[in-house]
Amino acid sequence: MLFDPDNAVNKLCAEGMEMEGKGELTASLQLFTRAWDLAGNDAEKFIAAHYLARRQEDIAGKLYWDTIALTHAQKVTDTSVKGALPSLHLNIGKCYEDLGKYDLASEHYTQALAYANELGNDGYGSMIRKGIKKGIERIKDATL
């Protein structure tokens, strides 16, 4: 799924990121919420939910929106969305880890690793791979 700069949901999320970058967190949340309200298909819902997860104040809220993002991403038939699956599973795994639900965290870190071949060989891909590796190591240490 290529980023369509003319898509209204994408525009709202981009504006929300600009506001977030300026420290205007309430405004960014409002823009992401508008994007969610406008989203009409799984690709748009995945993107809007992904950004909504960023602005949650607690782990439960972040987990809720990350899970929604993953659910919609898995329904998108465009194979380029597969590149987002490692990050989504990593985010969900971290939420479960923070909640002390190590079995669920481990499941999502394992899923993230299974999709890691979908990541590019760039800085972003390296960052996500490193996060997955560290998450798996933390879970091993926590459950010994």
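Laboratory data are not the source of any read-out in this text; all were calculated from the coordinates shown. Fair warning: this is a prediction, and the values are worked out from it, not measured in the lab. Because the Cβ atoms are built from the backbone with ideal geometry, glycine has one as well, and the counts that use them run over all protein chains shown.
Side notes on the structure shown:
- The trypsin sites (Lys or Arg not before Pro) found in segment 30-107 include none that occupy coil by DSSP while having at most 12 further C-beta atoms within 10 Å.
- Separation in nanometres of the label points that stand 7 Å from Cα toward Cβ, at Tyr64 and Ser126: 3.7
- Global geometry of segment 52-103, whether rounded, prolate or oblate, following the gyration tensor of its Cα atoms and the 1.5 cut on a/c: prolate
- Once the Cα atoms are used to define both axes, helix 123-142 deviates from the longest principal axis of the chain by about 40 degrees.
- Neighbour-limited loop hits for chymotrypsin sites (Phe, Trp or Tyr not before Pro), segment 1-49 (at most 16 other Cβ within 10 Å; DSSP other than H, G, I, E, B): Phe3
- Degrees between helix 102-114 axis and first principal axis of the chain (Cα, 0 to 90, nearest 10): 70
- Additional length obtainable on full extension of the chain from Lys22 to Asp6, 0.36 nm per residue less Cα span: 3.5 nm
- Overall form of the chain per C-alpha gyration tensor (a/c, 1.5; a/b vs b/c): prolate
- Filtered GluC sites (Glu not before Pro), segment 50-122: DSSP coil and at most 13 other beta carbons within 10 Å: Glu57
- Multiplying the residue separation of Leu104 and Thr77 by 0.36 nm and subtracting their alpha-carbon distance yields 7.1 nm.
- Cα convex hull volume per residue for segment 1-58 (Å³): 73
- Residues Ile136, Ile92, Ile47, Ile59 in ascending order of nearby Cβ atoms (within 10 Å, fewest first): Ile59, Ile136, Ile92, Ile47.
- Over segment 78-144, the fraction of Cα-Cα pairs per 10 Å bin, rounded to whole percents and listed from the shortest bin up, is 25, 52, 20, 3, 0.
- 0 to 90° range, to nearest 10: angle between helix 8-21 axis and the chain longest Cα axis: 70
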